[in-house]
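> Here's a structure for you.
Only the coordinates and a few stated rules stand behind these numbers; no lab work does. Keep in mind the model is a prediction, meaning the values are calculated, not measured. We place every Cβ from the backbone using ideal geometry, glycine too, and count neighbours over all the protein chains shown.
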Amino acid sequence: MTGLLQLDDEWRAFRIKDISTTGLKGNGILDLPVGMDVQVRIRDSEPIAASIVWSNGSLFGLSFAHPIIPEEFRTRITGSYNPPSGSKKPAPPRRPV
């Protein structure tokens, strides 16, 4: 999954490694300063306000200014949402004999 991060007046592409309600882990932009306020786009989303909370080489973590619903972005990207493997699907109804 890819995203765009606005740095100054330029949008830079990066790979989203993990996403949650409160933030994401990204890879592909070097040495972002912790505490920097940024805007992030996930595919064709509107810009989302966030800040850099950690950075290590090309890996970084963002904290969103407001919670998001990650499933909406997964659906937009993959076309479907598959719950984690720990979730059980309901059993089909039994047929009378």
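> Could you list all residues from segment 6-37 that are outside any loop (DSSP other than H, G, I, E, B) and within 12 Å of the chain's Cα centre (by Cα)? Outline the logic, then answer.
Going through segment 6-37, the residues outside any loop (DSSP other than H, G, I, E, B) turn out to be 6-7, 10-19, 23-27, 37.
Residues satisfying the conditions are F14, R15, I16, K17, D18, I19, G23, L24, K25, G26, N27.
> Looking at segment 1-28, which of the residues that are surrounded by 13 or more Cβ atoms within 10 Å (Cβ to Cβ) and among the hydroxyl-bearing types (S, T, Y) is farthest from I52 (Cα to Cα)?
Restricting to residues being surrounded by 13 or more Cβ atoms within 10 Å (Cβ to Cβ) and among the hydroxyl-bearing types (S, T, Y), the top hit is T2.
> Right, next: Does any residue of segment 24-41 turn out to be out of contact with any strand residue (DSSP E or B) (no Cβ under 7 Å at 6 or more places or on another chain) and within 23 Å of E71 (Cβ to Cβ)?
First, the residues of segment 24-41 that are out of contact with any strand residue (DSSP E or B) (no Cβ under 7 Å at 6 or more places or on another chain): 30.
Still in the running and within 23 Å of E71 (Cβ to Cβ): none.
Looking through segment 24-41, none of the residues is out of contact with any strand residue (DSSP E or B) (no Cβ under 7 Å at 6 or more places or on another chain) and within 23 Å of E71 (Cβ to Cβ).
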